[in-house]
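A.B. asks: Dropping the structure in here first, questions after.
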Amino acid sequence: MKIYLDTGNVQEIEEAAKLGILDGVTTNPTLIAKEGRDFKTVVKDIVKIMKKYCKNDFTVSAEVTDTSSSEKIIKRARELAKIDSHIMVKIPLIPVGIEAVSVLSKEKIKTNVTLCFSSNQALLAAKAGATVVSPFVGRVDDEGFDGIELISDIKTIFDNYNFKTEILAASIRSARDARDCSLVGCDIATIPYGVFSKMFYNPLTNIGLVKFEHDWDDYQKKLKNCN
Ligand code: G3P
C-alpha cells in the first residue's frame, strides 16, 4: 500500500519523508488554511521536500477551489499542473468535476477525485479517467456506515472492470483504519501525521528494545570484569 501524508505542514512532511517510506502528500482547502501561508508557496515547499527525500515517483495533491463550472475547474487544474509534474489536481466528485476530469484525463493531467462517499460515485470517477479517487473512510464511519466496506466494494468494482483508477483512502482517523485499508487491498492511504506516527508504536517493541539494551550492557560489563 502506498502511504501519503494528509497535511499541509512542511515540518510534518519532512519528518515523515526522511524515513524513506513516503509516497506522496495530499492537501485540501482546510489543511492549507491551517498553515496560514500562500497556497502556491505551501505546495511548492511540499514538492521541494518530497524531491529531496523521495527518489521514486511521488504525487502532491492540490485542490481546486472554484467549482462553479467545469471550465473554471479545467482552467485552474491546468494552472496547478504547471507548478510541477508531480502535482495531482484534486477535484470534488460533482457533475462539473467529473466533466472536467473527462477532459483533463485526455490531457494526461493527474487528477484526484475527492469527497467520494459511495461506490457509485467511485465508478463515475473511474469512467471519467480519474488517476485516483478518494473515498473518505472516517466521514463515512461518522455517519454510522462502514468506510472500510466502501473501500472493499470499490476495489471489487474496479477489479471487475479492470479500471486503472487507484483507490486513495482519505479521512483516516486511526492506525486501525490504516491497517484495515491495507487488509482490503487499498492502493493508497493518505494519513494525518499523528496517525502515521502511531503506526510505528507498539509498547512491546519498546519493552523488548529496553530489555535487549539492558542485557547487552550487562553482558559487556561481565566480559570487561573477566578480562
Ligand atoms: O483529504 C481529506 C481528509 O483530509 C479529510 O479528513 O478527518 O477531515 O474527514 P477528515
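The values are calculated or read from the model by the stated rules, or taken from the named source; none is laboratory data. Predicted, not measured: the structure shown is a model, and the values here were computed from it. Positions of Cβ are generated from backbone atoms using ideal geometry, with glycine treated the same way; all protein chains shown enter the neighbour counts. With ligands, DNA and RNA removed, areas are computed over all heavy atoms of the protein, side chains included. Shrake-Rupley method; radii C 1.70, N 1.55, O 1.52, S 1.80 Å.
A.B. asks: If you go through the stretch 151-179 one residue at a time, how many are over 16 Å from Ala130 (Cβ atoms) and within 14 Å of the ligand (Cβ to nearest atom)?
C.D. replies: 6
A.B. asks: Return a yes/no flag: does the stretch 94-104 have any residue that is over 28 Å from Asp146 (Cβ atoms), away from the ligand (no atom under 16 Å from the Cβ) and open to solvent by 60 Å² or more (accessible area, probe 1.4 Å).
C.D. replies: The answer is yes; a qualifying residue exists.
A.B. asks: Quick check on my filter: what residues within the stretch 39-55 are open to solvent by 70 Å² or more (accessible area, probe 1.4 Å) and of a type in the set (S, T, N, Q)?
C.D. replies: Result: no residue meets the conditions.
A.B. asks: Related question: Does Phe136 satisfy the criteria of being under 21 Å from Asn9 (Cβ atoms), within 24 Å of the chain's Cα centre (by Cα) and either open to solvent by 10 Å² or more (accessible area, probe 1.4 Å) or acidic (Asp, Glu) (or both)?
C.D. replies: yes
A.B. asks: Right, something else. Yes or no: the stretch 54-70 includes at least one residue that is farther than 16 Å from Gly194 by Cβ, modelled with pLDDT of 95 or more, aromatic (Phe, Trp, Tyr) and over 13 Å from the mean Cα position of the chain (by Cα).
C.D. replies: no
A.B. asks: So, one more: Quick one: Leu5 ticks every box in (1) surrounded by 18 or more Cβ atoms within 10 Å (Cβ to Cβ); (2) more than 15 Å from Phe196 (Cβ to Cβ) bar one, so which box is it?
C.D. replies: Evaluating Leu5 over (1) surrounded by 18 or more Cβ atoms within 10 Å (Cβ to Cβ); (2) more than 15 Å from Phe196 (Cβ to Cβ) leaves (2) as the failure.
A.B. asks: Could you tell me which residue of the stretch 149-179 is farthest from the chain's Cα centre (by Cα), considering only residues that are within 17 Å of Pro192 (Cα to Cα) and in a helix (DSSP H, G or I)?
C.D. replies: Arg176
A.B. asks: Oh, and also: Please give the helices (runs of 4 or more DSSP H) falling wholly within the stretch 78-147 in which 2 or more residues are under 17 Å from Tyr4 (Cβ atoms).
C.D. replies: Where helices (runs of 4 or more DSSP H) fall fully within the stretch 78-147 and carry at least 2 residues being under 17 Å from Tyr4 (Cβ atoms), they are 137-142.
A.B. asks: Looking at the stretch 180-199, which of the residues that are assigned to a helix (DSSP H, G or I) and farther than 19 Å from Asp142 by Cβ is farthest from the ligand (Cβ to nearest atom)?
C.D. replies: Applying the filter and picking the extreme gives Leu183.
A.B. asks: Need the failing condition index for Ile73 against (1) more than 14 Å from the ligand (Cβ to nearest atom); (2) open to solvent by less than 20 Å² (accessible area, probe 1.4 Å); (3) more than 29 Å from Asp45 (Cα to Cα), just the number.
C.D. replies: Condition (3) is where Ile73 drops out.
A.B. asks: Has the stretch 24-35 got any residue that is open to solvent by less than 30 Å² (accessible area, probe 1.4 Å), within 14 Å of the ligand (Cβ to nearest atom), touching a Phe, Trp or Tyr at 6+ places or on another chain (Cβ under 8 Å) and over 21 Å from Ser182 (Cα atoms)?
C.D. replies: Yes, that holds for at least one residue.
A.B. asks: Determine if the stretch 200-207 includes at least one residue that is within 26 Å of Met1 (Cβ to Cβ), touching an Asp or Glu at 6+ places or on another chain (Cβ under 9 Å) and part of a helix (DSSP H, G or I).
C.D. replies: No: zero hits.
A.B. asks: While we're on this one: Taking the stretch 124-150 on its own, how many of its residues are more than 12 Å from the ligand (Cβ to nearest atom), out of contact with any helix residue (DSSP H, G or I) (no Cβ under 6 Å at 6 or more places or on another chain) and over 19 Å from Ile73 (Cα atoms)?
C.D. replies: 4
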